1. How would 96, 240, 431 rank on accessible area, largest to smallest, probe 1.4 Å?
2. With just the Cα atoms defining each centre, how far is the range 304-348 from the range 258-285? Give it in Å.
3. Which log10 I(q)/I(0) values, to two decimals, does the range 377-416 give at q = 0.20, 0.26 Å⁻¹ under the Debye formula with one point per Cα?
4. Ignoring everything but the protein chains, give the 1.4 Å probe accessible area of residue 300 in square angstrom, nearest 10.
5. Using a 1.4 Å probe, how large is the accessible area of residue 7, given in Å² and rounded to the nearest 10?
6. Taking the range 299-338, which trypsin sites (Lys or Arg not before Pro) meet the DSSP loop condition and have no more than 13 other C-beta atoms within 10 Å?
7. Enter the accessible area per residue of the chain (Å², integer; probe 1.4 Å; all protein chains in place).
8. Contact order normalised by length for the range 1-137, with contacts defined as Cα pairs under 8 Å and 6 or more residues apart; what percent is it?
Amino acid sequence: MQIGRKHLILYASGSLATAVSYQAFATYVQFLYIDIYGLRAAWVGIVWAIYGVWNAINDPLAGYWSDKTNTRFGRRIPWIAGLFIPLSITFYLLFVPPDGITLSAGIPLLLYFLAFVLIFDLLWSLVVMNWTALFPEMVPDEKMRAEVSAYREVFSLIGLMIGVALPPLIAGEDWSNVSTVAAMVAVVTALFFGISLLGSRERREFQEDEPLGFRESIRFTITNRDFLYFLGANLAIQFVLLALTSTVPFYAKYALLIQDDVTVGGVTLDPGLQNSLLLGAALLVALPGMLLWTLVARRIGAWRALRIGMVTAAGSLLLFFLPRDFFSGIAVTAFFGLSLAGLLMLTNPLIADMVDEDELKTGARREGLYFGMNGFIIRFAFTIQGLITAAILTWTSYVAPTDTVLYPPQPAAAVWGIRAMIAIFPPVALVIGYFLLGRYTLHGERLEEVQADVSELHEQKR
């Protein structure tokens with residue numbers, strides 16, 4: 001089955017929906033509930049701990065259910081089509097609790113937050129895991145995988161800019177327009193998942209594969225040593241991305257002291273716009289960076305390119321200790337954008353290669369469980385990041401804003417802790433991930449042999 005570039009681009013547009021929904025959630029939900037709604041940071045840490053356990057259940061099961069699904073519309077597409085609108089509605093309700101609950105800032109708000117985080121995560125996992133699982137099936141060629149991955153990440157970066165850079169601009173200095181932000185993200189999420197369905201295709205011969213039992217399927221997956229090393233490295237990468245986006249609102253407000261208007265070339269920038277530009281700088285630079293990393297991956301392979309990107313990203317993140325104002329902050333985030341492009345686009349081709357090798361061993365295509373297990377593991381990045389944020393803000397005596405003091409002065413320890421959340425923990429994670437990925441063996445000649453054998457197997461199935 002040959003799929004045209006037009007359909008691949010339509011499929012790739014789903015990455016915008018994925019990015020805008022998850023990154024808006026990851027970047028602002030902590031800040032919103034702690035700094036705006038007044039929920040205790042320690043209570044938010046409890047929610048992230050429960051969230052981690054929740055992911056241990058729903059992600060692998062979602063992947064297994066997807067692999068076993070057999071309908072005349074396919075295995076993956078029915079899940080996406082049936083759930084992307086409920087997902088968008090749930091996002092809105094998570095960001096806009098009823099007024100009576102937000103005013104209490106106590107147990108009712110905690111329970112509401114917990115319930116909607118878990119519901120949102122379940123729906124997001126089912127939709128995104130099935131959408132992502134289409135990638136290896138639709139794109140069997142290694143070089144084409146790098147190209148389609150680049151398409152996906154271009155859409156992803158646009159989604160990041162919508163989900164990360166625009167909310168502070170629209171929400172206002174005191175986040176009084178949060179309902180407008182939530183509605184915008186919900187509509188964009190639904191729209192682009194719908195568009196992606198127009199380009200999504202499934203290969204019917206893979207539905208005829210005899211699925212493994214749940215226990216056997218889990219056993220084959222977790223005994224794949226390459227996959228385990230990859231998961232460790234990808235957990236580090238996802239932690240870095242989350243640490244950056246979720247810490248920047250605190251970093252901008254209290255480390256860079258973005259609290260007043262500044263004038264650039266006769267244009268006045270309020271704090272919300274400065275925050276948006278700070279986040280947007282890395283994303284804008286990452287767009288042309290996609291072309292660079294695509295060329296690098298085509299020349300030396302996705303595995304080697306990803307390891308190089310991890311090293312350059314770790315070095316760039318150390319620079320976040322230096323800025324003291326908006327302008328130096330823009331320079332550092334823009335520089336990081338070059339490495340960010342590589343981190344964003346080079347992981348999915350490796351999972352696709354592992355799915356191919358797994359098919360040679362089991363006889364069945366099991367993208368669902370591989371992407372489900374990957375989703376389960378990398379979601380711990382959110383838990384780890386959330387617990388670190390809760391611990392740092394609590395231990396360093398962070399002072400939350402009040403109705404009368406929007407920019408409370410922070411103790412020096414709190415400011416240092418906020419900087420450390422970007423400039424210490426993420427580089428350490430990337431160094432660990434670099435060495436874990438060094439144990440990954442599915443590259444070079446071995447990868448070429450696997451792809452030749454898989455191509456022959458697919459001919460037999462057809």
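The values are calculated or read from the model by the stated rules, or taken from the named source; none is laboratory data. These numbers were taken from a predicted model, which means no experiment stands behind them. Note that each Cβ is placed from the backbone with ideal geometry, even for glycine, and that neighbours are counted across all protein chains shown. Ligands, DNA and RNA are excluded from the accessible area calculation, which covers all protein heavy atoms including side chains. Shrake-Rupley method; radii C 1.70, N 1.55, O 1.52, S 1.80 Å.
1. Result, largest first: 431, 96, 240.
2. So the separation of the two Cα centres works out to 19 Å.
3. Normalising to I(0) and taking log10 leaves -0.67, -0.84.
4. Probe radius 1.4 Å; accessible area of residue 300 about 60 Å².
5. Its heavy atoms expose roughly 50 Å² to the probe.
6. 324
7. 38
8. 33
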